[in-house]
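Reading through the structure tokens given below for one structure.
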Amino acid sequence: MPRPLLTLLCLCPVAAFAQVVDQTPPLDVLLPPAASAEPAPTETIALAIQNVVSDTPNLALETNAQGEEIMVMLSDVLFSFGEAAIRPEAEATLSAVAEVLSGMEGVVIEGHTDVIGPADFNLILSVQRAEAVRDWLITAGVPETTLEVVGRGETQPLPPERLPEGITRREELSLNRRVEFVLP
């Protein structure tokens, strides 16, 4: 076999290998992207909720008996006793709530009452109050489809561990008149 042909046959496998190496994608395609400095959407929402709650004295962030995270707003701030019309002084708090809830889906607005009055009246009142809050939030720009309304009446009073120590019966009743935002 002549030498030039032997040299050509020996170089063919090297040339084929070189071609494959040339087609290897750059490292930035092979390696996973670096962790983003941007927080995940749920982290951003959680931070926004924490900020609103810490800046708004009429709100509290708690966990309910079902283990759900809830934002609690005292009804005495929202409504006069036995009524479902939102008081003007509640609008600043509701505006802060609207900012946070506008980025969420699946928020349940629960209305609660104290035990004063007939149970059927309290149930209706709790629904009316939750609906009033929902309607206010919709007017403020929160999409209607993201909000659900539930009235609990007097059926879910705050358990003793959620009540401050040393409060009077009147204060306990007042704390049970509340609206809770069950967060997704």
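The values are calculated or read from the model by the stated rules, or taken from the named source; none is laboratory data. Nothing here was measured: the structure is a model prediction, and the numbers come from that model. With ideal geometry, Cβ positions are generated from the backbone for all residues, glycine too; neighbour counts draw on all protein chains shown.
A few notes on this one:
The rows are residues; the columns are (1) in contact (Cβ under 8 Å) with a residue 12 or more places away in the chain; (2) touching a Gly at 6+ places or on another chain (Cβ under 9 Å); (3) of a type outside the set (A, V, I, L, M, F, W, C); (4) under 19 Å from Leu147 (Cα atoms).
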position: Gly67; (1), (2), (3), (4): no, no, yes, no
position: Val77; (1), (2), (3), (4): yes, no, no, no
position: Ile86; (1), (2), (3), (4): yes, no, no, yes
position: Glu110; (1), (2), (3), (4): yes, yes, yes, yes
position: Thr113; (1), (2), (3), (4): yes, yes, yes, no
position: Gly117; (1), (2), (3), (4): yes, yes, yes, no
position: Asn122; (1), (2), (3), (4): yes, yes, yes, no
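- Flag if Ala98 is in a helix (DSSP H, G or I), under 21 Å from Ala46 (Cα atoms) and over 18 Å from the mean Cα position of the chain (by Cα): no
- Filtered residues of segment 60-95 (kept if modelled with pLDDT of 90 or more, part of a helix (DSSP H, G or I) and either in contact with a helix residue (DSSP H, G or I) (Cβ under 6 Å, 6 or more places away or on another chain) or closer than 11 Å to Leu183 by Cα (or both)): Leu94
- Search result, residues across segment 108-126 that are touching a helix residue (DSSP H, G or I) at 6+ places or on another chain (Cβ under 9 Å) and either more than 23 Å from Gln66 (Cα to Cα) or acidic (Asp, Glu) (or both): Glu110, Asp114, Ile116, Gly117
- Among the residues making up segment 127-142, those that are in contact (Cβ under 8 Å) with a residue 24 or more places away in the chain and in contact with a helix residue (DSSP H, G or I) (Cβ under 9 Å, 6 or more places away or on another chain) are Arg129, Ala132, Val133, Arg134, Trp136, Leu137, Ala140, Gly141, Val142.
- Residue check for Glu131: at pLDDT below 95, part of a helix (DSSP H, G or I) and at negative phi: no
Residue-by-condition table, conditions (1) polar (S, T, N, Q); (2) closer than 27 Å to Ala48 by Cα:
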site: Glu89; (1), (2): no, yes
site: Gly103; (1), (2): no, yes
site: Gly117; (1), (2): no, no
site: Arg134; (1), (2): no, yes
site: Ile138; (1), (2): no, yes
site: Val142; (1), (2): no, yes
site: Glu148; (1), (2): no, yes
site: Asn176; (1), (2): yes, yes
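- Considering (1) modelled with pLDDT of 95 or more; (2) buried (at least 19 other Cβ atoms within 10 Å of the Cβ); (3) aliphatic (A, V, I, L, M), the lone condition that Leu101 does not fulfil carries the number (1).
Yes/no per residue for (1) touching a Phe, Trp or Tyr at 6+ places or on another chain (Cβ under 8 Å); (2) surrounded by 18 or more Cβ atoms within 10 Å (Cβ to Cβ); (3) not basic (Lys, Arg):
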position	(1), (2), (3)
Phe79	no, yes, yes
Val97	yes, yes, yes
Pro143	no, no, yes
Pro160	no, no, yes
Ile167	no, no, yes
Arg177	yes, yes, no
Glu180	no, yes, yes
